[in-house]
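Chemist: First, the structure itself, so that you have it in front of you.
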Amino acid sequence: MGLTAKERMAIERHSMAEQPAGFRNRNFEEVPYGYTPDEAVAEAQRCLSCKNRPCVSGCPVEVPIPEFIALVTEKRFTEAARLIKTKNVLPAVCGRVCPQETQCEAVCIQGKKDKTQAVAIGNLERFAADFERENNPMEAPEVQDKNGLKVAIIGSGPSGLTVAGDLIRFGYEVTIYEAFHRGGGVLVYGIPEFRLPKKVVETEIKALEDTGVTIHYNSVIGRLYTVDDLFKRLGFSAVFIGVGAGLPIFLDIPGMNLNGVFSANEYLTRSNLMKSYLFPQYKTPVIVGKGVAVIGGGNVAMDSARTAIRLGAEKVTIVYRRAREQMPARAAEVHHAEEEGIEFRLLSSPVEIFRNDQGWVTGMKCQRYELGEPDESGRRRPVPIENSFFEFDCDLVVVSIGGKANPLITRTTPDMEVNKWGYIVTDPWGRTSKRSVYAGGDIVTGAATVISSMGAGRRAAKAIHEDLTKENDETFTPDWW
Amino acid sequence: MYELVEKSEIFNVHKMVIKAPGIADSMKPGQFCIIMATEFSERIPMTVSDWSTDTGTITIYALELGISTLELARMKVGGSLYAVTGPLGTPSEIRHYGTVVLGGGCYGIGGIYPIAKACKEAGNEVISIVEARYSPMFYHEKELQQVSNQVFYATSDGSRGKKGKVEDVIAEMLERGARVDQAFFMGCTQMLERCSEATRPIGIPTKVALNSIMLDGTGMCGACRVTVGGETKFACVDGPEFDGHKVDWRELQQRKSAYTEQEAVVYQSLSHECLAEKKLRGEL
Ligand SMILES: Cc1cc2nc3c(=O)[nH]c(=O)nc-3n(C[C@H](O)[C@H](O)[C@H](O)COP(=O)(O)OP(=O)(O)OC[C@H]3O[C@@H](n4cnc5c(N)ncnc54)[C@H](O)[C@@H]3O)c2cc1C
Ligand SMILES: Cc1cc2nc3c(=O)[nH]c(=O)nc-3n(C[C@H](O)[C@H](O)[C@H](O)COP(=O)(O)OP(=O)(O)OC[C@H]3O[C@@H](n4cnc5c(N)ncnc54)[C@H](O)[C@@H]3O)c2cc1C
Ligand code: SF4
Ligand code: FES
């Protein structure tokens, strides 16, 4: 289209229309409505089609960003989505949940002077993917002839789904074992409906099943079968472990086992997976606090706080040890949380939870912190201020300070190497120290992102394919062996 | 999937035999499943009291208490459960102890059976003690007798065996000078606590199968946390069996009561729904 670079630079970034804050904080519907086709085209026109494609290098899976955006300017939305899918199989998810402001949009030339003016790559990705899903019958991908080899995947989070999607196309028989009764991992049990509608995830899983992937739900590996059983009893040729981190951390302070204290995992699983926000139609109860304190500053903390307010809490406070700039949550989520009336008590950390006689939480005592010298990572370290405390009332505490590696599988697979924190050790392609066993996602890296887990899945699928096809050749030993 | 192939009721305990071949294949004594009757249900833990690899079935005994167990109670043979996840939990430690006492109340009457069986097979002298309010409430009797050297009964009204509870039978045994090398208890929380108190003074090693509130059953959420010996443990993966002399019973009781209010709400919502349905069908 005939716009000059200068004209493109003069256009302001288009934000997505959203439910008003004072209205949406009482419902679980998605917050942004998404672009209209006209808005998408207008936003796409801001892209300068830079020759050196800085945004592409900012993307962990190298989505061809300027190219898909060019298709959007031509209103070839479905083609745009399919182009993204060559690199990223879940664009409708990633467009919504990727931390674009630290990835592609962070390095976008349009945002060089003013970060907020980067091309809205995530919004465009979401638009294209939604358009494709809503306007086209699901396209069955091309699948190679069956090669007779069976691969088992443990966990149906983003890493497992990616491995499944790739291997089924290479001609493998693919079986996913998922502990829960629904697939998607954190996408269904962690990230709330108002940020990622579950129908988006369900459509993707249905599409995988349609291409021939078998999903066994309610199957906890490490209990139902060990990894060795998968090879010996069930005849799989390779196993991919994508079970996520999956073990909550509590604080080492008095009162952590009181009624009203939850891990974010529990709180969010109740609300999202078990749909207790629709209680009593769905029968899993959740406690609606009057005053809710959420401890932590990541996406998980924002999701917990915003869930609490939607469930009907009168007041929700985020308690975070560091400063605002250091919050690991996506900028958009912090902003949304603030708009929805969530309070932030920064540079503070709880030292005690108060209780009543019935064992319920009644309040919390916190210590104030200040920023000290930078640590190894360059972040200024929070240091407690002596004798500087404050207290406030709350009846619900959600602990969201991260997780650890769940040992269910690693303990039953003693011949597979883990690091000192219990995460599985792999080479860059996801090969573990145990022959024919691969791993990726949060169980390897610790809590990370959807896109990095998908990237790990993609690399592992490639490694599995390479190793299995070459293994038939007797002389082949992988160089890491 | 998970078809209900057999069902019977002994007062408010419902025996349910469920098709789940994979689970039956991997099941070990002391383990449990997490069950959802329908897509809308809670996930509730149920001890697996028996299983058969031949028929590919597992047997549970569900004590009807609130909405979730009521949903199970209303299921009909031929219907299917929405989800059965298992086996879960660390299996009971089975070895040659010498004389083993197993105490069971409510769902534990069925629940101790596989542990008794395995203990017997491991060459132990197995003494089972079961309690109920009155005589007709016992179940799974013949099976338990087959795997026990002796079975004692205790009833609140004295209609069978000793008038009293499991711990009264134990006290009597100990008075007679019986030697007990290991005790296992399964049943409601008060019973577990009482029995642990009975074995504490003479230091009988005591395992109790705790029944804290659970959600995922894989160690992911911490809903099931209990304090044992001053340490926080996750009952679904570290347990459900723990040293009965080290459990913080007060905390467990409090945590179990966390949802009393919601449980009442949801129970009432169901009864109303069903009354309405019945009216529609002209049954009322
Ligand atoms: C509340 C929350 C919000 C987040 N927000 C964002 C965000 O906005 N943007 C972003 O990029 N990232 C976000 N993340 C992080 C992101 O979701 C994770 O990094 C990503 O989902 C990890 O993917 P995974 O494939 O490793 O496994 P997971 O998504 O953790 O899935 C693992 C799956 O394995 C199953 N499983 C576990 N153990 C077993 C077993 N023994 N047998 C069988 N199955 C098993 C689990 O049930 C689960 O379904 C968020 C995380 C949380 C918790
Ligand atoms: C490892 C384990 C094994 C168990 N085995 C059996 C069994 O074989 N047979 C049996 O009848 N019962 C068993 N239980 C207890 C059973 O899970 C609860 O009685 C059941 O969840 C009650 O649900 P409800 O909705 O019918 O009752 P509710 O009205 O919800 O509650 C009644 C009582 O059950 C407790 N409870 C509620 N929800 C849960 C939950 N999700 N998990 C655990 N307890 C809960 C509450 O503290 C309350 O005291 C077991 C529990 C555990 C932890
Ligand atoms: S850096 Fe920004 S302007 Fe340049 S190609 Fe990428 S999205 Fe377009
Ligand atoms: S039930 Fe979730 S950790 Fe035990």
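Chemist: How many percent of DSSP beta bridges within the protein assembly as shown run antiparallel, rounded to 5?
Modeler: 50 percent
Chemist: Now a separate question. Run the 1.4 Å probe and let me know the accessible area of B:ASP157, rounded to the nearest 10 Å².
Modeler: Near enough 80 Å² of accessible area.
Chemist: Which one of A:SER400, A:LEU251, A:SER348 has its Cα pushed farthest toward the positive end of the charge dipole of region A:250-402, where Lys and Arg give +1 and Asp and Glu give -1 at the Cβ?
Modeler: Value: A:SER400.
Chemist: Got a sec? Charge dipole of the protein assembly as shown, +1 on Cβ for Lys and Arg, -1 for Asp and Glu; which of A:SER271, A:CYS50, A:ALA129 is way out at the positive end?
Modeler: With unit charges placed on the Cβ atoms, the residue in question is A:SER271.
Chemist: Also, quick follow-up: Within the set A:LYS283/B:LYS117; B:LYS207/B:LYS233; A:LYS6/A:LYS75; B:LYS117/B:LYS142; A:LYS199/B:LYS19; B:LYS120/B:LYS233, which residue pairs have Cα atoms separated by over 24 Å?
Modeler: Cα-Cα > 24 Å for A:LYS283/B:LYS117; A:LYS199/B:LYS19; B:LYS120/B:LYS233; rest within.
Chemist: What FRET efficiency comes out for A:LYS113 versus B:SER80 if R0 is 51 angstrom and r is the Cβ-Cβ distance? Round to the nearest 0.05.
Modeler: 0.25
Chemist: How many Cβ atoms of partner chains, on average, are near each residue of B:32-44 if near means within 10 Å of its Cβ?
Modeler: 4
Chemist: What residue among B:GLU64, B:GLU131, B:GLU263 has the largest mean-square fluctuation in a Gaussian network model of chain B, using Cα springs under 10 Å?
Modeler: Maximum among the listed residues: B:GLU263.
Chemist: In the protein assembly as shown, if the dipole is taken from +1 on Lys/Arg beta carbons and -1 on Asp/Glu beta carbons about the Cα centre, which of A:GLY440, B:VAL101, B:GLN31 is farthest to the positive end?
Modeler: B:VAL101
Chemist: Right, another one. Using amide H atoms built in the peptide plane, which far-off residues or other-chain residues are under 5 Å from B:CYS221 H to H?
Modeler: Amide H neighbours of B:CYS221: B:ASP216.
Chemist: If you find the alpha carbon centre of region B:36-96 and of region A:43-122, how far apart are they in angstrom?
Modeler: A separation of 49 Å, based on Cα centres.
Chemist: Could you give the accessible area per residue of the protein assembly as shown, probe 1.4 Å, as a whole number in Å²?
Modeler: I get 42 Å² per residue for the protein assembly as shown.
Chemist: Does anyone have the angle between helix B:189-199 and the longest principal axis of chain B? Alpha-carbon axes, 0 to 90°, nearest 10?
Modeler: For B:189-199 against chain B, the angle is about 10 degrees.
Chemist: Take peptides A:213-225, B:68-80 and line them up by average Cβ neighbours within 10 Å, highest first, as a rough protection proxy.
Modeler: Most protected by this proxy first, the peptides run A:213-225, B:68-80.
Chemist: Please identify every one of the GluC sites (Glu not before Pro) in region A:383-473 that sits in a loop by DSSP and has no more than 14 other beta carbons within 10 Å of its own beta carbon.
Modeler: A:GLU417
Chemist: Using packing as a proxy for protection, rank B:244-253, A:30-39, A:300-309, B:28-37 so that the peptide with the highest average count of other Cβ atoms within 10 Å comes first.
Modeler: Ranked from most to least packed, the peptides come out as A:300-309, B:28-37, B:244-253, A:30-39.
Chemist: Counting only protein heavy atoms, what percent of the accessible surface of region A:313-452 is carbon or sulfur at a 1.4 Å probe?
Modeler: 48 percent
Chemist: Helix B:166-175 versus the longest principal axis of chain B: what is the Cα-based angle in degrees, 0 to 90, to the nearest 10?
Modeler: It is inclined by approximately 10 degrees.
Chemist: Something else: For chain B, with all protein chains present and a 1.4 Å probe, just round the carbon and sulfur fraction of the accessible area to a whole percent.
Modeler: 50 percent
Chemist: A follow-up question, please. Roughly what angle does helix B:260-280 make with the longest principal axis of chain B, taking Cα atoms, 0 to 90 degrees, to the nearest 10?
Modeler: Roughly 40 degrees, rounded to the nearest 10.
Chemist: Still on this structure, please answer the following. Within region A:5-135, what whole-number % of the accessible surface is contributed by carbon and sulfur, with the 1.4 Å probe and all protein chains included in the calculation?
Modeler: Here it works out to 54 percent.
Chemist: Turning to a different aspect of this structure: Given charges of +1 on the Cβ of Lys and Arg and -1 on the Cβ of Asp and Glu, with all other atoms neutral, how large is the dipole of the protein assembly as shown about its Cα centre, in debye to the nearest 20?
Modeler: Dipole magnitude for the protein assembly as shown comes out near 280 debye.
Chemist: Could you give me the ³J(HN,Hα) list for region A:186-195, computed from phi with Karplus coefficients 6.51, -1.76, 1.60 and θ = phi - 60°, whole Hz, x at Gly and Pro?
Modeler: Each residue of region A:186-195 in turn: 4, 4, 9, 9, x, 6, x, 3, 6, 10 Hz.
Chemist: Give the average, rounded to an integer, of partner chain Cβ atoms located within 10 angstrom of each Cβ in A:287-294.
Modeler: Taking all residues of A:287-294 together, the mean is 1.
Chemist: Let me know the number of lysine pairs in region A:353-470 closer than 18 Å at the Cα, not counting same-chain pairs under 8 apart.
Modeler: Lysine pairs satisfying the spacing and distance rule in region A:353-470 number 5.
Chemist: Hey, another quick one. Nearest 20 debye, what's the magnitude of the dipole of region A:250-402 about its Cα centre given +1 on Lys and Arg Cβ and -1 on Asp and Glu Cβ?
Modeler: Rounded to the nearest 20 debye, it is 380 debye.
Chemist: For a quick check: with amide H placed at 1.01 Å from N, whose amide H comes under 5 Å from A:VAL418's, ignoring anything fewer than 5 positions away on the same chain?
Modeler: Long-range HN contacts for A:VAL418: A:VAL425.
Chemist: Could you tell me whether region B:195-247 comes out rounded, prolate or oblate from its Cα gyration tensor? Rule is a ≥ b ≥ c as square roots of the eigenvalues, rounded for a/c under 1.5, then prolate if a/b exceeds b/c, otherwise oblate.
Modeler: Since a/c reaches 1.5 and a/b is larger than b/c, the shape of region B:195-247 is classed as prolate.
Chemist: Next question. For region A:366-445, place one equal point scatterer on every Cα, skip the solvent, and apply the Debye formula. What is log10 of I(q)/I(0) at q = 0.23 Å⁻¹?
Modeler: -1.04
Chemist: Order A:GLU325, A:GLU105, A:GLU139, A:GLU43 by their accessible area, 1.4 angstrom probe, all chains in place, largest first.
Modeler: Ranking A:GLU325, A:GLU105, A:GLU139, A:GLU43 by accessible area, largest first, yields A:GLU325, A:GLU139, A:GLU105, A:GLU43.
Chemist: Dipole size in debye (nearest 20) for region A:5-135 around its Cα centre, Lys and Arg Cβ +1, Asp and Glu Cβ -1?
Modeler: I would put it at about 380 debye.
Chemist: Related question: Calculate one ³J(HN,Hα) per residue across region A:99-115 by plugging θ = phi - 60° into the Karplus curve 6.51 cos²θ - 1.76 cosθ + 1.60, and present them in order as whole Hz with x for glycine and proline.
Modeler: After applying 6.51 cos²θ - 1.76 cosθ + 1.60, I find x, 4, 5, 10, 10, 4, 6, 5, 10, 5, 4, 5, x, 4, 7, 10, 3 Hz.
Chemist: To two decimal places, what compactness ratio does the protein assembly as shown give when its Cα radius of gyration is scaled by 2.2 N^0.38 Å?
Modeler: Dividing the Cα radius of gyration by 2.2 N^0.38 Å gives 1.03.
Chemist: At a probe of 1.4 Å, how much accessible area disappears from chains A and B on forming the pair, both sides counted, to the nearest 100 Å²?
Modeler: Interface between A and B: roughly 3800 Å².
Chemist: Follow-up question, since we're still on this one. Under a 5 Å amide H to amide H cut-off, with H placed in plane at 1.01 Å, what residues pair with A:TRP429 once short-range neighbours are removed?
Modeler: Under 5 Å from the amide H of A:TRP429: no residue qualifies.
The values are calculated or read from the model by the stated rules, or taken from the named source; none is laboratory data. This one's a predicted model, so the numbers in the text were calculated from it and none came from an experiment. Backbone-built Cβ (ideal geometry, glycine too); neighbour counts: all protein chains shown. What goes into the accessible areas is simple: the full protein's heavy atoms, side chains included, and nothing from ligands, DNA or RNA. Shrake-Rupley method; radii C 1.70, N 1.55, O 1.52, S 1.80 Å.
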